[in-house]
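**Q** Could you have a look at this structure, given as structure tokens, before my questions?
Throughout, read-outs are computed from the coordinates displayed, never taken from laboratory work. These numbers were taken from a predicted model, which means no experiment stands behind them. All Cβ positions, glycine included, derive from the backbone under ideal geometry; neighbour counts span all protein chains shown.
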Amino acid sequence: DAGVIQSPRHEVTEMGQEVTLRCKPISGHNSLFWYRQTMMRGLELLIYFNNNVPIDDSGMPEDRFSAKMPNASFSTLKIQPSEPRDSAVYFCASSLNSGANVLTFGAGSRLTVL
Amino acid sequence: EDQVTQSPEALRLQEGESSSLNCSYTVSGLRGLFWYRQDPGKGPEFLFTLYSAGEEKEKERLKATLTKKESFLHITAPKPEDSATYLCAVESGNTPLVFGKGTRLSVIA
């Protein structure tokens, strides 16, 4: 298996632009997680899905952020409009289920908003 | 609210100089404590899961231990390739992993 695949690896955009980050989880994994990593706050959970259904989005910073999982093999995280404080590395991870199981992380998408 | 505190923030060791990283946690109903390793520009990579106080797990030069309040990651005779950020995370109830901010380890030859 190729692991969790994220794209793009790097994104530089200007304030106010829409940003879409993409994730392909490991085949057979039924839980998917979006985390954000910054030096100041470390890894923070944004949202997670079980069987394509959003379970908890309380970590999403504000309405500018949205996430979807239209099928078991694809998820997106969208920021519209983007702001400089959104600059961070965004990680997608998947697991077999959401209970005490190992998360496998993608390589991350580094977002810079100018 | 689950909380995880890791110390020190950064640690610099000479090759062969053994040491320990600390992870203190506050959770209601621990389901598992996880250690991950993260190399620059990459996602965290799983090392260990510990489920109950007194449990220990080993992998090469690393050994993880767990008490009711904290976990230690012991590094014996480290090598430069052990340089990385080590992340601790806890899972409780039905909530996903909550991570600490990590310890940046540098091992100098």
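**Q** Regarding the range B:39-101, what is the average projected area of its C-alpha convex hull, in nm²?
**A** Numbers: hull surface 20.1 nm².
Average projection, Cα convex hull of the range B:39-101: 5.0 nm².
**Q** Let me check against my output: what whole-number percent is the relative contact order of the range A:6-61, with C-alpha pairs under 8 Å and at least 6 apart? Could the numbers behind the result be given before it?
**A** Working: 64 pairs, mean separation 12.7, N = 56.
Averaging sequence separation for qualifying contacts and normalising by length gives 23 percent for the range A:6-61.
**Q** While we're here: Taking the Cα centre of chain A as the origin, how large is its charge dipole in debye, to the nearest 20, when only Lys and Arg (+1) and Asp and Glu (-1) carry charge on their Cβ atoms? Numbers along the way, then the final one.
**A** On the way: 10 positive and 11 negative charges, 52 e Å.
Its charge dipole is roughly 240 debye.
**Q** In debye, nearest 20, what is the charge dipole magnitude of the protein assembly as shown about its Cα centre with +1 on Lys and Arg Cβ and -1 on Asp and Glu Cβ, if you could check? Mind dumping the intermediate values first?
**A** On the way: 23 positive and 26 negative charges, 41 e Å.
So the dipole magnitude of the protein assembly as shown works out to roughly 200 debye.
**Q** Let me ask you something else. Take A:MET40, A:MET15, A:MET69, A:MET60 and order them by how many other Cβ atoms sit within 10 Å, fewest up front. Walk me through the intermediate numbers first.
**A** Values: A:MET40 6, A:MET15 12, A:MET69 21, A:MET60 18.
Going from sparsest to densest Cβ surroundings: A:MET40, A:MET15, A:MET60, A:MET69.
**Q** Residues in the range A:29-64, backbone N under 19 Å from the label point at B:GLN3 (7 Å along the Cα-to-beta-carbon vector): list them, ranges by number please.
**A** Within reach of a label on B:GLN3: A:40-45.
**Q** I've got another one for you. Starting from the Cα of B:LYS59, draw a straight line to each of the aspartates and glutamates and keep only those under 13 Å, dropping any in the same chain fewer than 8 residues away.
**A** Result set, ordered by chain and number: B:ASP82.
**Q** Name the residue from A:PHE91, B:THR26, A:LEU45 whose Cα lies farthest towards the positive end of the charge dipole of the protein assembly as shown, charges +1 on Cβ of Lys and Arg and -1 on Cβ of Asp and Glu.
**A** Farthest towards the positive pole: A:PHE91.
**Q** Checking a compactness column here: for chain B, what do you get for Rg(Cα) / (2.2 N^0.38 Å), N being the number of residues?
**A** The value comes to 1.02.
**Q** Average the reciprocal distances over every distinct pair of alpha-carbons in the range A:36-103, invert the result, and give the Kirkwood radius in Å.
**A** On the way: mean 1/r = 0.0766 Å⁻¹.
About 13.1 Å, per the Kirkwood formula over Cα pairs.
**Q** Using only the alpha carbons of chain A, determine the length spanned along each of the three principal axes and report them from longest to shortest in whole angstroms.
**A** 37, 28, 28
**Q** Relative contact order for the range A:43-114 using alpha-carbon pairs under 8 Å, separation at least 6, rounded to a whole percent? Don't skip to the end; give the middle numbers.
**A** Details: 98 pairs, mean separation 16.0, N = 72.
Normalised by residue count, the contact order of the range A:43-114 is 22 percent.
**Q** Still on this structure, please answer the following. Greater than 25 Å separation of Cα atoms is the criterion. Which listed pairs, B:LYS42/B:LYS101; A:LYS24/B:LYS57; A:LYS24/A:LYS78; A:LYS24/B:LYS63; A:LYS24/B:LYS42, meet it? Don't skip to the answer; put the middle values down first.
**A** Values: B:LYS42/B:LYS101 16 Å; A:LYS24/B:LYS57 31 Å; A:LYS24/A:LYS78 15 Å; A:LYS24/B:LYS63 32 Å; A:LYS24/B:LYS42 16 Å.
Correct reply: A:LYS24/B:LYS57; A:LYS24/B:LYS63.
**Q** Per Stokes-Einstein, at 20 °C and 1.002 mPa s, what whole-number D in µm² s⁻¹ belongs to the protein assembly as shown, with the Kirkwood radius over Cα pairs as the hydrodynamic radius? Numbers along the way, then the final one.
**A** Numbers: Rh = 18.0 Å.
In µm²/s, the coefficient is 119.
**Q** Please give the average number of partner chain Cβ atoms lying within 10 Å of the Cβ of each residue in B:78-84, rounded to a whole number. It would help to have the intermediate numbers written out before the result.
**A** Details: counts 0, 0, 0, 0, 0, 0, 0.
Averaged over the peptide's residues, the number is 0.
**Q** Using Cβ counts within 10 Å as a stand-in for footprinting exposure, how do B:LEU87, B:LEU97, B:LEU13 rank, fewest first? Show your work: numbers first, answer last.
**A** Details: B:LEU87 25, B:LEU97 30, B:LEU13 18.
Lowest count first: B:LEU13, B:LEU87, B:LEU97.
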